[in-house]
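Input: a single structure, listed below in structure tokens.
The values are calculated or read from the model by the stated rules, or taken from the named source; none is laboratory data. This structure is a prediction, so every number in the text was calculated from the model and none was measured. Here Cβ is always computed from backbone atoms with ideal geometry, including for glycine, and neighbour counts include all displayed protein chains. In case anyone asks, the SASA skips ligands and DNA or RNA and just uses the protein heavy atoms, side chains included. Shrake-Rupley method; radii C 1.70, N 1.55, O 1.52, S 1.80 Å.
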Amino acid sequence: MKTQTRAVVIGGGIAGCSTLYHLTQEGWTDVVLVERDELTSGTTWHSAAQVTNFGMTQTMVGLKSHSIKLYQELRDDPDYPVQYNHGDGGIRLANTQAQMDGYRHFASMARGMGVEFEVIDAEECARRHPLISTDNLLGGLWDASDGDIDPASLCQALARRARKAGAEVYRQTNVTGLTQLGDDSWIVHTDKGDIACEVVVNACGYRVNEVGAMMGVAHPVTSMEHQYFVTDEIPGIVAAGHRMPLLRCPISDYYCRQEKNGLLLGFYEQDCKTWGMDGISPDFSNDLCPDDLDRITDVLEGAFERMPALMEVGIKNVVNGPITYTIDGAPLVGPIPGKRNAFCIIGLRAGLGEGGGHGWLLAQQIVHGEACYDTWVIDPRRFTGHGTVELTALKAIEDYQNEFRFHFPHEHRPAGRPIKTTPLTPVLAAEGAEFTVVNGWERAEYFKPAPDFEVTHGFHFDEAFEVVAGEVAAVQTGVGLAEVNGFNRIEVAGPDAHAFLDHVICGRVTQKPGKVGLGYLLNDHGCVKAEATVANIPDGPVWFGSAAAAEWHDLDWLRGHADGFDVSLRSLTNDHTILVLAGPRARDVLSACSRGDWSKAAFPWLSVRRAFVGVAPAVVMSVSFSGELAYEIHVPNNQLYAAYLALRAAGAAHGLRLFGARAVESMRMEKGYLHWKADLLTEFDPFETGLDRFVKMDKEFVGKAALEARCAKGPGARLVSLQVESTTAPAHPGASVMLGDEVVGTVTSGDWGHRVGMNIAYAFMRPDQAEVGTQISINMLGEAVKAQVIAPGVYDPEMTLPRG
Ligand SMILES: Cc1cc2nc3c(=O)[nH]c(=O)nc-3n(C[C@H](O)[C@H](O)[C@H](O)COP(=O)(O)OP(=O)(O)OC[C@H]3O[C@@H](n4cnc5c(N)ncnc54)[C@H](O)[C@@H]3O)c2cc1C
């Protein structure tokens, strides 16, 4: 056994084998995999192993496409062919129009990744799958590439190829401890000896938290028991003369694929069970949980109704095994929060289908620092402090119960809520707030006009449209107040604070005390990593502010680049909350409850100062995401309610109205302002993203050389604003922008601009289709909707309003 290597991958299931193989493909061949038992002895060996291309984001579709391509290659390997039933086709069923709309949207989104799905009606579903009835069925989404693979030979094939490239695999080798050294390298302790390495990867399946604990980390991953059974031969399958397509059913919560001449049916029962919460026996290996078919009776009935042939056949065998879940259903693939040189590929609940792609994206991150797609949807840092074991279990259960029921826009499911709150949460609830969830924070979405007001979840504009219009109008003509909680705020202190920020930000951000500026951080590939509002509080320190979800991500990045600078970094995210006061009367309201001169001359746009709002100490910034005259008032949470009361009291004379996140979204679209991880992605550089004025090529900054190299090649895309000719639905992120039958762009954000009365979208477009005036269409919910490129920031383009 080696005692020294570059990377040690712990765990020999699909996650570990795929990571090992892809590390060798990315150029790291001195790598090792350690497995406590034999390969695939965790969950992988008994997987139903279905492989679909379906995903709800382009990153997920892209990584699944990679799996499929790789598995086809392995199937066709004459030396070691893997059994892969590729191309049986698969149908996701639907019995509501909203689900069908979702499928149409996901089909539009997949098209941008070169994947063609079909949305078909009920009769066509039954024609393609002769065993199903059309009762209570509207139709479905057809994935022609659907299939299943033999999990054991897949992992062996990956390990075999990795070994050929130089990697080593140590079976029957249990990792018993991890020690990080002063230079951030690791010692992996095993029952066969120690291995020193640069990088460790946790790929331990349901034992993720045993290995996590060895490095002091609790990962938000829980296991659920999950069952399938295999039937005896079904005459209808033999008679059909072709393999049955796969089925996934959100109506009755099961999946189904052909196994020999019978069917394999897996169930997501409501009466589901977590597994291993209080520890896992060390002997549980190559093992299963006891069968428990009673639990699935409700689901089984739905499957019988859909496929009456099932009632005629016996069950050959039952499999009940642990399957891992996270808080939002997507796995954790990437850097382990707060650790250096430590990565994970965990929480995979569809690891056979996705594992090829996840291992590919992880290996790229390890070797190159970034993957070819923006990986935020699978980034382990996307849950910050709230990712506890208790919350994870509640969310895992909820997610399991809704396995095939995708989230609709604006839908936030109830399990575990409220998670993160401020003293204002109950106050705003009493005012009628409907809440959305942002990184666990309960944030007011809009204020209900009546206590029983509800919206219908779907892809069209909903009943809240007019409510939001009213809130926007109040902000535009008078004054509004909104709570923005969870905003990420990192205090940058020390003599090198400005030099450090100048090093990581690609523009020249103001260093003047009392001034605020906006800056962008690039990764080592010259693409957009982060966005920051830099506020130079007059008596120091500097605040680095960014999106609520960015807390751990940005801290990691800043800490990773702080060597050589005399700076200290401290997160204030959970200590303060912002009250946004916006609208032409905002200054009057602030002046009425806060001592000091708030005139335009004394406190112009982009200023920051300390003040009191009522009796509450605050940091006030004259910045505006709405495009109106506005103040961001940052208040310590223990005095937030006091500040709120002072603002409400002062606002009464000016008709102050509360507004929520949906109004903010509408207004920021009218201003051309961008959202991190919607419009600001690691796949594009700042010029492609339209951030030219925030880049200064005459200074040094992280990512500059790579940016120069990208510029020499010319842009691959341009972020543009679009006017969309629809009054019934926004363009949802991911929708394909079309020129005839050709995809020329992808929507990143879309919403109705209430002040300009326009349906607005942003999209990354092929550069030759990015000129203002270009006419294209957007594939929206199956329709080609006309759109044209417009100049960004249609509301108050001269920026006179925020200057007051
Ligand atoms: C019943 C069932 C059906 C499923 N059907 C599908 C499906 O149709 N399609 C699909 O895509 N997915 C499916 N899945 C999910 C899929 O099987 C899993 O996502 C996948 O197998 C997880 O792989 P993994 O490598 O992450 O974990 P595992 O396969 O559990 O591998 C982890 C490995 O780490 C090793 N290990 C743990 N601790 C240590 C240690 N300390 N030292 C050394 N080694 C260690 C273990 O021995 C194990 O081999 C199904 C799961 C179940 C339970």
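When both region 74-98 and region 182-252 are represented by their alpha-carbon centers, they are found 19 Å apart.
Heavy-atom surface analysis with a 1.4 Å probe gives region 396-501 a carbon and sulfur content of 55 percent of its accessible area. If you sort Tyr446, Tyr373, Tyr795 by accessible surface, 1.4 Å probe, largest first, the order is Tyr373, Tyr795, Tyr446.
For region 169-239, carbon and sulfur atoms together expose 52% of the accessible surface, with a 1.4 angstrom probe and every protein chain in place. Partner aspartates and glutamates whose Cα lies under 19 Å from the Cα of Lys699, excluding those fewer than 8 positions away in the same chain, are identified as Asp496, Asp502, Asp524, Glu531, Asp685, Glu708. Straight-distance candidates among the lysines for linking to Lys448, with alpha-carbon spacing under 27 Å and chain neighbours fewer than 8 residues away dropped: Lys395, Lys420, Lys671. Solvent exposure of region 2-161, expressed per residue, is 32 Å² of accessible area, with all protein chains present and a 1.4 angstrom probe.
Per residue, region 305-376 exposes an accessible area of 28 Å² to a 1.4 Å probe, with every protein chain left in place. The eigenvalues of the Cα gyration tensor, multiplied by 5 and square-rooted, give the chain an equivalent ellipsoid with semi-axes of 45, 32, 25 Å from largest to smallest. Three principal axis extents of region 3-72 based on alpha-carbon atoms, in descending order, are 42, 30, 21 Å.
Which order do you get for His86, His732 if you rank them by accessible area with a 1.4 Å probe, largest at the top?
His86, His732
Across all Cα pairs in region 238-389, the calculated P(r) in 5 Å bins from zero up to the longest distance comes to 1, 7, 13, 16, 15, 14, 13, 10, 6, 3, 1, 0 percent per bin. The mean accessible area for residues of region 647-804, using a 1.4 Å probe and ignoring ligands and nucleic acids, is 40 Å² per residue. Counting only aspartates and glutamates at least 8 places from Lys273 when in the same chain, those with an alpha carbon closer than 16 Å to its own are Glu225, Asp253, Asp291, Asp292, Asp294, Asp298, Glu390, Glu398, Asp399, Glu403. Sparsely packed loop sites in region 694-774 (the GluC sites (Glu not before Pro) outside DSSP H, G, I, E and B with at most 15 other Cβ atoms within 10 Å) comprise Glu700, Glu725, Glu771. Each listed q (0.13, 0.17, 0.22 Å⁻¹) maps to a log10 I(q)/I(0) for region 459-554, found by the Debye formula over equal Cα scatterers with no solvent: -0.62, -0.84, -1.06. Of Lys64/Lys704; Lys512/Lys677; Lys2/Lys339, which sit over 26 Å apart, Cα to Cα? Too far apart for the 26 Å limit: Lys64/Lys704; Lys512/Lys677.
Computed from Cα positions, the angle between helix 389-401 and the longest principal axis of the chain comes to roughly 60 degrees.
Structural descriptor for the chain: relative contact order 12 percent, calculated from alpha carbon pairs under 8 angstrom and at least 6 residues apart.
Karplus-derived 3J(HN,Hα) values for region 28-42, using 6.51 cos²θ - 1.76 cosθ + 1.60 with θ = phi - 60°, are 9, 9, 8, 9, 9, 10, 10, 10, 5, 10, 9, 4, 6, 8, x Hz; glycine and proline are entered as x. Taking all protein chains together and rolling a 1.4 Å probe, His407 ends up with roughly 80 Å² accessible.
Using only the alpha-carbon atoms, how far is helix 351-368 inclined from the longest principal axis of the chain? Give it as 0 to 90 degrees, nearest 10. On a 0 to 90 degree scale, this one is about 50.
If R0 is 51 Å, the Cβ-Cβ spacing of Lys696 and Thr176 corresponds to a FRET efficiency of close to 0.50.
Listed values for region 715-723 are Karplus-derived 3J(HN,Hα) couplings in whole Hz (6.51 cos²θ - 1.76 cosθ + 1.60, θ = phi - 60°), namely x, x, 7, 9, 7, 10, 9, 10, 9, and x replaces Gly and Pro.
Charged neighbours of Ser285, selected by a Cβ distance under 13 Å, balance to -3 (K, R count +1; D, E count -1).
For helix 661-671, what angle does its Cα long axis make with the longest principal axis of the chain, in degrees from 0 to 90 and rounded to 10? The answer is roughly 70 degrees. Here, region 591-695 has an Rg and a Dmax of 16.6, 48 Å when only alpha carbons are counted. Expressed as a whole percent, the accessible surface of region 1-104 that belongs to carbon and sulfur atoms is 45, based on a 1.4 Å probe. Mean residue ellipticity at 222 nm, helices only, the chain: -7500 deg cm²/dmol; runs of at least 4 DSSP H residues each add -39,500 (n - 2.57), and the sum is divided by the number of residues.
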